[in-house]
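Below you'll find the structure, written out as structure tokens, and then a few comments.
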Amino acid sequence: SQTIHQWPATLVQPVGSPLSLECTVEGTSNPNLYWYRQAAGRGLQLLFYSVGIGQISSEVPQNLSASRPQDRQFILSSKKLLLSDSGFYLCAWSVRGIEKLFFGSGTQLSVL
Amino acid sequence: GESVGLHLPTLSVQEGDNSIINCAYSNSASDYFIWYKQESGKGPQFIIDIRSNMDKRQGQRVTVLLNKTVKHLSLQIAATQPGDSAVYFCAENGSGAGNNRKLIWGLGTSLAVNP
């Protein structure tokens, strides 16, 4: 069966520090991968998606970047965090060409 | 479009009652719709989905109804339990083709079940 791992679960970082969140998927090949952000009590905002290794599409201009160094690995990064980067970050995957998403457990990021 | 920037509406029901959560979708080209449940501090979990060639689909204690004429989607939860308390999101697949089709998310509705 397929599983998605996302870590860390909670992260507190000072303003101006770098960020690296990692997501890996097991049990499937060539998945589409996604990074979403969710502000407290709000909806889901798509940040990045990837249809293959090295292929990243950005949905929202911002302080963040994403990379996909391996087929089942998706990384969200920032060189210098802003207060506005605080939020709940969710990684998700889908079968290529299928819209149904499977989400990770999320990372609660607090930038202070 | 995206649902960010707006506060979640809330639905409060008594334990044992039926719940109906509504969603209006925007894109006439959407042919796939899906509901997710998100508990506090967790990632969204798939509940049920439906293709546009159907009007109704049933799962365990849940039913999704699709009205394409008025672009309306609803999720019905039978005999609502305290464990059903969560935020519920609808999503549509919008336009686009093939592997580039991405979900368009609704605002989300917070369901509170009173014992």
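The values are calculated or read from the model by the stated rules, or taken from the named source; none is laboratory data. Worth saying up front: this structure is predicted, and the values here are computed from it rather than measured. Note that we place each Cβ from the backbone using ideal geometry, even for glycine, and neighbour counts take in every protein chain shown.
Structure above, values below:
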item: Qualifying residue in the stretch A:68-81 (condition: at pLDDT 95 or above and acidic (D, E)); result: yes
item: Those residues of the stretch A:34-57 which are among the β-branched types (V, I, T) and at the interface with another protein chain (Cβ under 7 Å from one of its Cβ atoms), in sequence order; result: A:V51
item: Matching option when the condition is within 14 Å of chain A (Cβ to nearest Cβ) and crowded, with 19+ Cβ neighbours inside 10 Å, among B:A86, B:A112; result: B:A86
item: Exclusive hit being modelled with pLDDT under 95 and surrounded by fewer than 13 Cβ atoms within 10 Å (Cβ to Cβ), set A:Q2, A:Q38; result: A:Q2
item: Search result, residues across the stretch B:32-46 that are surrounded by 17 or more Cβ atoms within 10 Å (Cβ to Cβ) and not hydroxyl-bearing (S, T, Y); result: B:F33, B:I34, B:W35, B:K37, B:Q38, B:G43, B:P44
item: Top-ranked residue of the stretch A:96-112 - restricted to ones that are among the aliphatic types (A, V, I, L, M) and surrounded by fewer than 16 Cβ atoms within 10 Å (Cβ to Cβ), ranked as farthest from A:R68 (Cα to Cα); result: A:L112
item: Single condition A:V60 does not satisfy, out of (1) facing chain B (nearest Cβ under 9 Å); (2) crowded, with 21+ Cβ neighbours inside 10 Å; result: (2)
item: Residues being without any contact (Cβ under 8 Å) to a residue 24 or more places away in the chain and either within 22 Å of B:G41 (Cα to Cα) or in a helix (DSSP H, G or I) (or both) - total across the stretch B:87-115; result: 3
item: Segments classed as strands (runs of 3 or more DSSP E), wholly inside the stretch B:1-86, with at least 2 members that are without any contact (Cβ under 8 Å) to a residue 12 or more places away in the chain; result: B:56-58
item: Residue check for B:D31: more than 30 Å from A:Q6 (Cα to Cα) and within 16 Å of the chain's Cα centre (by Cα); result: yes
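Table: residues versus (1) hydroxyl-bearing (S, T, Y); (2) closer than 21 Å to A:S17 by Cα.
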| position | (1), (2) |
| --- | --- |
| A:N32 | no, no |
| A:Y36 | yes, yes |
| A:L46 | no, no |
| A:S50 | yes, no |
| A:G54 | no, no |
| A:S58 | yes, no |
| A:L64 | no, yes |
| A:S67 | yes, yes |
| A:F74 | no, yes |
